[in-house]
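Undergrad: Sharing a structure below in structure tokens format, with a few things to ask.
Just so it is clear, none of the values below were taken in a lab; they were calculated from the coordinates. Note that this is a predicted model, so its numbers are computed, not measured. Cβ placement follows ideal geometry from the backbone for every residue including glycine, while neighbour counts extend to all protein chains displayed.
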Amino acid sequence: MSKTNAVVIYASKYGTTEAYAKDFATALDLPVCDYHKCPALAAEPGIEKVYVFAPIYRRTVAGLPEIAHVFDPDIVERVFVVGMTDPEDKETIQFLEDQVHDYMPRASVSLLGGKIDIDKVSTSDKMLLKVMYAFEKRKAMGERTPTEQRLVEMVESRQTDMTDMTLIEHLLENLQKN
């Protein structure tokens with residue numbers, strides 16, 4: 001891939017999204033910045049592409065409004081959504097893609113596996129997970145989406161790690177083809 005004036009911006013609550021973003025940025029030798037600290041970077045002239053890494057938090061792709069406010073949404077090349085969404089859950093994936101395209105209509109979307117360790121999340125997030133778990137657990141197994149089933153299994157096992165940092169290599173190969 002030819003060197004361009006590109007940046008990698010990420011939103012991360014517990015660190016998984018940040019790890020993906022930093023690996024990606026390192027591989028491409030690009031600057032990387034937390035979305036809270038990126039306005040100064042956005043003010044630099046000549047930025048042609050933005051790659052966004054954002055987690056799913058409470059069924060929302062975190063950080064999109066803030067990033068779209070600071071960077072021109074038309075230069076956002078790709079948004080990497082990190083979370084527990086099952087790749088077979090087409091309905092949820094479409095919902096997430098629609099969120100991304102509301103803020104960044106030209107961006108392509110890729111899904112990356114996330115990680116949750118219930119013992120390490122905040123108290124409010126633990127409470128939210130318990131409420132979501134109780135709601136999903138009442139549904140018959142056949143009525144749950146693959147992502148809802150994954151939530152039930154994750155809460156029962158107290159942790160889930162779907163991260164795969166080797167995916168960064170595949171993402172880079174795909175970018176080189178485009």
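Undergrad: Need one number: the % of Cα-Cα pairs in the chain sitting beyond the 29 Å mark.
TA: The share of Cα pairs beyond 29 Å in the chain comes to 22 percent.
Undergrad: Over all directions, what mean area does the Cα convex hull of region 27-131 project, stated in square nanometres?
TA: 7.9 nm²
Undergrad: Could you give the dipole magnitude of the chain about its Cα centre, charging the beta-carbon of Lys and Arg +1 and that of Asp and Glu -1, in debye to the nearest 20?
TA: 460 debye
Undergrad: How high is the relative contact order of the chain, in percent, with contacts defined as C-alpha pairs under 8 Å that are six or more residues apart?
TA: Dividing the mean separation by the residue count of the chain yields 21 percent.
Undergrad: From largest to smallest, what semi-axes in whole angstrom does region 102-178 give when each is the square root of 5 times an eigenvalue of its alpha carbon gyration tensor?
TA: Taking √(5λ) for each Cα gyration eigenvalue gives 30, 16, 14 Å.
Undergrad: Shifting gears a bit: 7 Å from Cα along Cα→Cβ at both residue 144 and residue 157: what's the point-to-point distance in nm?
TA: The answer from the label model is 1.2 nm.
Undergrad: Filter the DSSP H helices in the chain by two things, a Kyte-Doolittle mean of at least -1.0 and an axial alpha-carbon span of 15 angstrom or more, and list the hits by number.
TA: Correct list, ordered by number: 16-28, 123-138, 146-157, 167-177.
Undergrad: What's the extension gain from residue 94 to residue 22 if we count 0.36 nm per residue and subtract their Cα-Cα distance?
TA: Value of the extension gain: 23.3 nm.
Undergrad: Can you tell me which of 144-154, 39-49 comes out highest on packing, and rank the rest after it, using the mean Cβ neighbours within 10 Å?
TA: 144-154, 39-49
Undergrad: For region 117-159, what value does the Rg/Rh ratio take when both radii are computed over Cα atoms and Rh is the Kirkwood radius, given to two decimals?
TA: Rounded to two decimals, Rg/Rh equals 0.98.
Undergrad: What share of the DSSP beta bridges in the chain is antiparallel, in percent to the nearest 5?
TA: Just about 20 percent of them are antiparallel.
Undergrad: Out of all DSSP beta bridges with both ends in region 65-167, state the antiparallel percent to the nearest 5.
TA: That works out to approximately 35 percent antiparallel.
Undergrad: Please find the FRET efficiency linking residue 137 to residue 164, where r is the Cβ-Cβ separation and R0 is fixed at 22 Å, and quote it to the nearest 0.05.
TA: 0.20
Undergrad: Among all the lysines, which ones have a C-alpha under 20 Å from residue 120's C-alpha, if same-chain residues fewer than 8 places away are not counted?
TA: 13, 130
Undergrad: Using helices alone, I'd like the mean residue ellipticity at 222 nm for the chain: each DSSP H run of four-plus residues gives -39500 (n - 2.57), total over residue count, nearest 500.
TA: Helices in the chain give a 222 nm mean residue ellipticity of -13000 deg cm²/dmol.
Undergrad: I'd like the antiparallel share, as a percent to the nearest 5, of DSSP beta bridges with both residues in region 1-82.
TA: Among the beta bridges of region 1-82, antiparallel pairing accounts for roughly 10 percent.
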